[in-house]
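Reading through the structure tokens given below for one structure.
The values are calculated or read from the model by the stated rules, or taken from the named source; none is laboratory data. This structure is a prediction, so every number in the text was calculated from the model and none was measured. Virtual Cβ from ideal backbone geometry, glycine too; neighbours counted across all protein chains shown.
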Amino acid sequence: MLSVVEPAALWLFALAVPILVFMWLGWADLRRRLGRWRVWALLIVRLGLLTALVLAMAGLQIGRPVWATATVFLIDASDSIAPVQRAAILDYLAQAQANADPDDRMAVVVFGARAAVERIAEPPYPLTRIDTPVFSSRTNIADAIELGLALLPAALHQRLVLLSDGGANEGDTLAAVRLAAARGVPIEVVPLVIERAADALITAFVAPKMAQAEQTIPLTVTIESAVSGAATVQLLVDGRLQTEVPLDLVIGDNQLTITAPAGEPGFRQFGVRLIAPFDTQPANNQAVAFTFVSGPPRLLLLTTTPDQVTALVAAWQATGITVVVQEPSQVPADPRALRAFDTIALVDTPADEVPTALQRALTTYVRDNGGGLLVIGGPRSFGAGGWRRTLLEPILPVALDPPLREERPDLALVLVIDRSGSMRELVDDGRTQLDLAREAVYQASRGLTQRDQIALIAFDSIADTLLPLQPLPGLFTIEDALSRLVAGGGTNIRSGIALAAETIATSQARIRHVILLTDGVSETEYADLVADLRAQGITVSAIAIGLDTDPALERVAQIGGGKYYLVQRVPDLPQVVLEETVRVANRDVIEEPFRPVSALPTAWLRELGPLPLLRGRNAASARSTSRVLLVAEDGAPLLATAQVGLGRVVAWTSDLSGRWAAAWLTWPDFPRFAANLVAEVLPLGSDERLAVTTTVNANRVEIEVLARDELGRPLELGELRNRVSGLAGSFELSFSQVAPDRYRAITTIDQIGAYLVQIGASDSTGQPIGNVTTAFTINFSPEYGRLAANPGLLADIAALTGGSIDPPPETVFAPTAQSVYEVRSVTIPLLWIALVLLPIDVALRRLLVPLPELPSAIGKSRSRTTAAPTPSSSPSDRPSPSPPDASDALRRPLSDEERIAALLTAKRRRRKEP
């Protein structure tokens with residue numbers, strides 16, 4: 001069989017016409033000059049050269065028949081295939097392989113939810129087991145067919161053999177079948193259908209989408225059973241077992257209604273489980289549903305001083321808000337547990353009282369779960385509470401480092417720590433006094449900013465510098481210095497003060513301060529050193545730990561112009577050191593009367609009228625991402641809000657207790673003000689500009705957001721924040737714009753459960769539009785349903801591709817009805833032929849030696865070469881050349897000058913003729 005790759009190149013054969021025409025027009029002259037046989041040979045060579053070049057450009061191919069077959073076995077490994085069928089599959093493959101020829105090729109594809117290659121196309125050899133794992137809760141025949149087509153080698157008869165029950169529940173099977181039919185690849189079908197064993201399954205579980213708090217929710221369960229018998233239905237609420245209901249199943253449909261309390265407002269997930277002794281397929285014995293429970297907002301108030309928030313709690317309760325007051329140590333560090341509250345308020349609480357795990361959970365609660373966080377100030381909040389460089393600081397709407405007023409550092413702090421042997425004494429919680437001293441240093445660093453300086457000196461009998469005076473370093477540098485703080489030796493306070501004086505004298509900071517921390521009596525006097533420091537403008541404070549300390553420490557603090565602390569409860573030490581650092585820096589708390597000023601027009605603030613006087617606040621500055629509603633008289637933020645992920649955070653930098661806000665607690669509008677603070681962090685309403693729809697098909701979930709303005713026109717979104725949450729965790733979707741007003745995300749979820757979808761949107765200018773919340777459920781796969789097998793689909797696959805149903809294994813390697821050829825290109829040989837014919841063409845035109853005289857011409861040429869005169873011969877010895885005769889002239893090719901002369905002579909002769 002011959003074929004060409006580029007048929008259009010065959011039009012170049014038309015070049016043979018001008019070749020024949022030119023040779024015919026010059027036939028007489030060519031015959032006279034070259035002779036008859038040369039002309040015919042030249043014609044044949046040129047036509048052969050043209051033929052070789054044209055066929056090479058057309059890509060001439062030669063094919064020979066092929067009888068070998070490539071067969072790809074597509075093996076269903078989903079859960080609907082029984083173990084006895086899996087053994088039958090291996091037997092079928094063994095019989096098929098035994099009847100294959102060595103030239104045949106065999107490949108194996110295993111599929112469930114996705115297809116995977118068990119064996120590539122190679123010479124047949126036995127397959128004793130299947131090792132490739134697949135996700136077996138789905139059946140994707142389409143993926144298997146497409147992968148099988150990709151594995152088929154060319155230049156062989158091609159065939160797919162599908163071994164399945166036909167229960168495709170994922171992928172477009174018919175589209176893949178049409179692709180195989182278009183390629184002419186038959187799909188032979190081996191059905192794996194057996195009678196299903198006794199089974200009972202949950203076919204429906206219905207819960208109302210909305211309910212009110214404290215309401216009783218009816219839940220309807222539909223169970224289909226193939227046999228009758230006793231069973232039990234378990235009800236789970238939010239993953240916890242709520243109740244068990246016994247029932248007697250009958251053959252066919254069974255319906256049961258269970259009631260459950262709605263509980264607190266929020267997203268409620270219900271689940272049912274069927275337990276039946278006769279059941280053979282437990283995977284279809286569970287289902288989930290969800291309900292949104294509405295009610296008054298629930299607020300969790302975190303504080304370490306519950307007696308100071310009674311007025312605030314009363315104000316919130318007066319407006320219908322449910323308030324739960326707890327200390328941070330009592331709250332579980334679980335974002336899912338925190339999701340039971342609409343808002344969390346952190347009131348005048350220092351950072352060291354909020355565990356790191358809880359700080360992380362609060363961040364997740366806001367950013368990923370859409371919760372609201374209200375941070376209220378006070379003497380132990382924001383920067384004064386050591387919140388710098390904590391996990392919660394990045395989501396605050398205010399920055400805790402005040403603006404730089406001078407180029408020089410604000411504060412140089414030298415900590416002089418006692419490391420004598422007595423510091424090894426244990427305190428109540430199993431830590432030593434030195435452990436708490438290390439924590440105290442860390443807390444002191446939280447009271448500093450990046451423009452402050454810190455140094456750490458430790459002393460026993462002698463003093464050492466553990467951290468030289470330097471701008472506030474990173475956490476690792478501080479931890480490295482503290483790791484070298486080891487107890488042992490005496491108590492020589494003078495050595496520590498002397499080294500501190502030498503260290504701090506090099507600083508040009510606006511405030512220079514030394515904190516002495518010790519638990520014993522000094523072996524030497526050092527009051528004179530403290531007096532010298534005070535004379536240089538350097539202050540000294542003293543912190544005494546326990547009851548056995550030197551009574552002279554209070555006098556030392558007075559001499560040094562600092563403050564004296566007696567810490568009898570050692571666990572309070574870190575907070576005391578932080579408070580002393582904040583006091584000395586004198587920038588995190590500003591206690592002076594001021595009246596709040598409106599910074600951003602806000603309806604609910606305008607309705608309140610003139611605001612009462614405040615007597616203090618926490619120092620802070622606004623972030624570029626926040627909205628500042630109220631400011632102090634110097635422009636510093638007082639009330640600021642920010643969108644953080646799906647949630648919102650509000651900062652009130654004054655307090656709401658009797659210290660700074662005493663006038664507010666007696667203000668008639670205080671309950672309205674407190675309620676509006678909560679409203680600022682509650683999720684924004686969609687304002688009818690956002691709508692969301694969810695479509696679930698098996699495990700494929702499609703979520704679409706529709707955004708339109710008040711007039712129904714498409715609304716361009718600048719940011720689309722989202723979070724999908726379930727009992728197993730949460731994740732984020734990637735939305736793409738599919739229309740001017742539509743945004744779509746598609747994902748697959750294989751785990752059964754109810755999933756909460758929270759979406760927050762902002763317009764192109766960054767202004768929040770609103771939040772929408774919806775949910776969807778993923779129940780058991782159709783793989784475990786009563787229609788798991790589909791013999792009709794198997795019949796359609798075979799019919800559409802020309803395959804057969806249940807073919808004998810001996811026939812699956814037989815050649816197909818199509819003719820298959822092994823095609824080889826002859827382009828390179830044709831080019832070699834053209835290269836050989838080209839010099840022959842040149843020789844026929846240029847080498848004018850008659851064929852009969854060719855041997856003698858060659859002999860004469862050799863004799864002339866042999867008789868050539870030597871250089872020593874004289875001219876008289878050389879033979880004189882004989883004049884050329886007529887025959888030599890005919891044999892010799894004419895030069896160009898001779899031809900021109902001959903033409904001129906012929907022209908004159910014609911002119912003379914009458």
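Miscellaneous remarks
Matching residues to (1) closer than 19 Å to Ile805 by Cα; (2) among the basic types (Lys, Arg); (3) crowded, with 21+ Cβ neighbours inside 10 Å; (4) over 36 Å from the mean Cα position of the chain (by Cα):
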site: Tyr125; (1), (2), (3), (4): no, no, no, yes
site: Thr132; (1), (2), (3), (4): no, no, no, no
site: Glu146; (1), (2), (3), (4): no, no, no, no
site: Leu156; (1), (2), (3), (4): no, no, yes, yes
site: Arg159; (1), (2), (3), (4): yes, yes, yes, yes
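- Put simply, of Pro808, Pro829, Pro839 the only residue that is surrounded by fewer than 16 Cβ atoms within 10 Å (Cβ to Cβ), farther than 24 Å from Phe292 by Cβ, assigned by TED's automatic domain parsing to the domain that holds Met106 and without any contact (Cβ under 8 Å) to a residue 60 or more places away in the chain is Pro808.
- Residue within the stretch 589-599 that is farther than 26 Å from Asp352 by Cβ and among the polar types (S, T, N, Q) present: yes
- Options Gly712, Gly685; residue that is modelled with pLDDT under 90, touching a strand residue (DSSP E or B) at 6+ places or on another chain (Cβ under 7 Å) and either part of a loop (DSSP other than H, G, I, E, B) or within 20 Å of Arg298 (Cβ to Cβ) (or both): Gly685
- Tabulated pairs, the stretch 13-26, first not assigned by TED's automatic domain parsing to the domain that holds Leu55, second assigned to a helix (DSSP H, G or I), C-beta under 8 angstrom, 6+ apart or interchain: none
- Residue match in the stretch 54-63 (condition: in contact with a Gly (Cβ under 9 Å, 6 or more places away or on another chain), in a loop (DSSP other than H, G, I, E, B) and either surrounded by 14 or more Cβ atoms within 10 Å (Cβ to Cβ) or basic (Lys, Arg) (or both)): no
- Some residue of the stretch 539-546 being outside the structural domain of Ala384 (by TED's automatic domain parsing), free of Cβ contacts under 8 Å to residues at least 24 places away in the same chain, surrounded by fewer than 21 Cβ atoms within 10 Å (Cβ to Cβ) and over 13 Å from Ile515 (Cβ atoms): no
- The set of residues from the stretch 414-433 being closer than 25 Å to Leu533 by Cβ and either surrounded by fewer than 18 Cβ atoms within 10 Å (Cβ to Cβ) or of a type in the set (A, V, I, L, M, F, W, C) (or both) comprises Val414, Leu415, Val416, Ile417, Met423.
- Identity of the residue in the stretch 25-53, part of a helix (DSSP H, G or I) and of a type in the set (Gly, Ala, Ser), that ends up nearest to Pro7 (Cα to Cα): Ala52
- Looking across Ala96, Ala113, one residue alone is touching a Phe, Trp or Tyr at 6+ places or on another chain (Cβ under 6 Å), over 19 Å from Ala154 (Cβ atoms) and not β-branched (Val, Ile, Thr). It is Ala113.
- One residue from Arg595, Arg555, Arg534, Arg510 being outside the structural domain of Ser420 (by TED's automatic domain parsing) and either out of contact with any His (no Cβ under 6 Å at 6 or more places or on another chain) or under 16 Å from Val416 (Cα atoms) (or both): Arg595
- Verdict on Gln97 being at pLDDT 90 or above, crowded, with 17+ Cβ neighbours inside 10 Å, in a helix (DSSP H, G or I) and not aliphatic (A, V, I, L, M): yes
- When the stretch 190-230 is limited to residues that are of a type in the set (D, E, K, R) and part of a loop (DSSP other than H, G, I, E, B), the one that is nearest to the chain's Cα centre (by Cα) turns out to be Lys209.
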